[in-house]
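Asker: One structure coming up, written as structure tokens, with questions to follow.
No lab work stands behind these numbers, since they all come straight from the coordinates. If you're wondering where the values come from, they're calculated on a predicted model, not measured in any experiment. Note that each Cβ is placed from the backbone with ideal geometry, even for glycine, and that neighbours are counted across all protein chains shown.
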Ligand SMILES: [Zn+2]
């Protein structure tokens, strides 16, 4: 673990959902969804849901 920010990407077009870090988010914003190729908006990214495994 290198402490990268984890976000959840959810493609509004094809429904693909995956965990991404900041560089991956930038790549998706620049190149579009890796699955369907559709340009993705900033709103396609959100913080991951709490999963009962919180580190303090
Ligand atoms: Zn997609």
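Asker: Please name all residue pairs, on different chains or six or more residues apart, with Cβ atoms under 8 Å, provided the first residue is in the range 16-27 and is farther than 12 Å from residue 6 by Cβ and the second residue is not in a loop (DSSP other than H, G, I, E, B).
Answerer: Filtered contacts from the range 16-27: 16/9; 16/10; 17/8; 17/9; 17/10.
Asker: Could you tell me which residue of the range 9-35 is farthest from residue 48 (Cα to Cα), considering only residues that are more than 14 Å from the ligand (Cβ to nearest atom) and not in a helix (DSSP H, G or I)?
Answerer: Step by step, filter the range 9-35, then rank; the result is 21.
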